[in-house]
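Let me begin by presenting the structure, written as structure tokens, before commenting on it.
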Amino acid sequence: SPTRLGRRELAITVKAVEGGKVSQHLVAHAKPGDLFRLDAAFGDFHMPAAAPVLLLAAGSGITPMRSLLRDACQRPLAAPVDLFYWERSAAAFQFRDELQALAAANPNLRVHLLTTREGEVPAARINSHALAVVGDDTPLAQRHVLACGPDGFVAAARTRLAQQVAGFQAEAFTPPAALSDADSLGEVALTLARSGRRLIVPRGRSLLESLEAQGIAPKHGCRMGICNSCTCERVSGTTRHLRTGDTQSETAVPVRICVSAPTTDLTLDL
Ligand code: FES
């Protein structure tokens, strides 16, 4: 989650992932003076200006929230912003001092730290937490919600809030789960236009996984719908987004195969 610090400075937050080549190198071996090349930043999160906001973060999902708050708090916040941040234990909270300092300096910002595996009464999870703020009379329906965390957290936030609030944006940092509803049963024919190959793939699973299961290795990066490196053109057919359930059949809209499952026979420019 890049953060603008000064004219030529960026800060990044790296979590050392077990077995991760890049993250392990950055955490254990990188040193001042090393040279890194970065791609352009990507992501769809944006902080609505002058509107009440609810930020929901779990685990590493705090990193984009920190960047958004750092940026937004360079000016007085014009409307209430509440951050609810879940971790298993108090020791796991990232940027705690910084977040609390931002809140202390900005009357409209409140930071709520919630632990789920500690204390006499573990905090309620996203699906049952009141999300109410003492002394605040901004109804949930007026809030713009930004949620970031593991797939299950984001899915629970979406189910509970997406239809009830003024705006809903979400990013998940684990691959989406396969679908198991009635619309995901059965198989379809997938044609790869460049090679002319025709495959039979399940309707409930990501195209990326289905292709890999058949020995094909499409270009990809994050496997979670964020980096866009798996994107390819749609020649024909309909896909469903594994997280939102939205269907898409416009040929002008590229397919992110890591978070898309086919709902009809499909031809991709692969
Ligand atoms: S968006 Fe990153 S691999 Fe699909």
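The values are calculated or read from the model by the stated rules, or taken from the named source; none is laboratory data. Source: prediction; values computed, not measured. When we count neighbours, we look across all protein chains shown, and the Cβ atoms used for this are built from the backbone with ideal geometry, even at glycine. The area values use the complete protein model at the heavy-atom level, side chains included, leaving out ligands, DNA and RNA. Shrake-Rupley method; radii C 1.70, N 1.55, O 1.52, S 1.80 Å.
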Mind telling me which of Phe153, Phe84, Phe42 comes out most flexible in a GNM of the chain, alpha-carbon contacts under 10 Å?
Phe42
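Using a 1.4 angstrom probe on heavy atoms only, work out the carbon and sulfur share of the accessible area of segment 182-268 in %. Walk me through the numbers before you get to the answer.
Numbers: 1930 of 4140 Å².
The nonpolar share, carbon plus sulfur, comes to 46 percent.
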Could you list which residues have their amide H under 5 Å from that of Thr263, counting only those 5 or more apart in sequence or on another chain, with H placed in the peptide plane?
Thr238, Thr239, Arg240
Which angle between 0 and 90 degrees, to the nearest 10, do you get for helix 151-161 versus the longest principal axis of the chain when only C-alpha atoms count?
70
Say R0 is 35 Å: what FRET efficiency, to the nearest 0.05, do Ile216 and Leu26 get from their beta-carbon distance?
0.70
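With runs of 4+ DSSP H residues as the only contributors, calculate the mean residue ellipticity of the chain at 222 nm using -39,500 (n - 2.57) per run, divided by the residue total and rounded to the nearest 500. Present the calculation step by step, with values, prior to reporting the outcome.
Numbers: 5 runs with 47 residues, N = 270.
Helix-only estimate at 222 nm: -5000 deg cm²/dmol.
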Quick check on packing: order 140-150, 114-124 by the mean number of other C-beta atoms within 10 Å, highest mean leading.
140-150, 114-124
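If you filter segment 168-246 for trypsin sites (Lys or Arg not before Pro), then keep DSSP loop positions with at most 12 other Cβ within 10 Å, what is left?
Details: sites: Arg194, Arg197, Arg198, Arg203, Arg205, Lys219, Arg223, Arg234, Arg240, Arg243; in loops: Arg194, Arg203, Arg205, Lys219, Arg223, Arg243.
Counting only loop positions with at most 12 other Cβ atoms within 10 Å, the trypsin sites (Lys or Arg not before Pro) in segment 168-246 are Arg194, Lys219.
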Between segment 32-48 and segment 215-236, what is the C-alpha centre distance in whole Å?
20
Give the long-range amide H neighbours of Ala170: residues separated by 5 or more places, or on another chain, with amide H under 5 Å away, using H modelled in the peptide plane at 1.01 Å from N.
Ala147
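What does the extension gain come out to for Ala162 and Leu38, with contour length at 0.36 nm per residue minus their alpha carbon separation? Walk me through the intermediate numbers first.
Details: separation 124, 0.36 × 124 = 44.64 nm, distance 3.31 nm.
Length gained between Ala162 and Leu38: 41.3 nm.
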So what does Ser180 come to for accessible area, using a 1.4 Å probe and Å² rounded to 10?
110
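First measure r as the distance between the Cβ atoms of Ala182 and Ala132, then evaluate 1/(1 + (r/R0)^6) with R0 = 30 Å and state the FRET efficiency to the nearest 0.05.
Calculated transfer efficiency: 0.25.
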Just to confirm my numbers, what's the Cα centroid distance between segment 111-170 and segment 78-108 in Å?
14
